[in-house]
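The block underneath contains the structure these notes are about, expressed in structure tokens.
Please treat every number below as a calculation from the coordinates, not as lab data. The structure displayed is predicted, hence computed values, not measured ones. Neighbour counts run over all protein chains shown; Cβ positions are idealised from the backbone, glycine included.
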Amino acid sequence: MALKVVGAGLGRTGTNSLKLALEALLGGPCYHMFELAAHQERLPDWERAVAGGDVDWDAILDGYVATVDWPGCAFWRELHAANPDAMVLLSVRDPDGWWASMESTIVPILSGRPSRATPTAAAGRR
């Protein structure tokens with residue numbers, strides 16, 4: 001199944017809302033960072049993409065009609081090249097608001113510090 005929408009926006013730019021809206025509008029699942037967390041067997045594919053290796057985008061995103069958020073947004077050009085009929089959707093947010101949101105949610109997780117905004121991370125569970 002070819003992607004219909006390729007998201008180019010970073011996390012914390014409304015990507016969860018976009019995921020839910022695209023799933024309702026397109027009638028299929030949208031790949032989001034949540035998907036990678038739920039299907040870690042795909043992690044080697046994304047690591048290969050980050051390393052610049054050969055990637056079978058159709059295999060990685062099999063069954064998905066759209067992608068938003070990380071890691072797909074880092075490869076929006078490649079995903080669009082593999083799905084030339086797909087629309088590219090760039091979600092944006094005020095830079096100060098975006099950074100404040102990142103700093104209170106994602107940055108602590110990436111740095112290993114617990115976040116008040118993520119109780120499971122503060123409890124040591126992710």
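Side notes on the structure shown:
- Volume in Å³ per residue [convex hull over Cα atoms, computed for the chain]: 115
- Distance in nm between pseudo-label sites at Val107 and Glu78 (7 Å out along the Cβ direction from Cα): 2.8
- Computed FRET value (nearest 0.05) for Arg48 with Met87, which takes r as the C-beta separation and R₀ as 22 Å: 0.25
- Relative contact order, whole percent, for segment 1-79 stands at 54, derived from Cα pairs under 8 Å and 6 or more residues apart.
- Packing-based order for 76-84, 37-45, 24-32, 96-104, using average beta carbon neighbours within 10 Å, highest first: 24-32, 76-84, 96-104, 37-45
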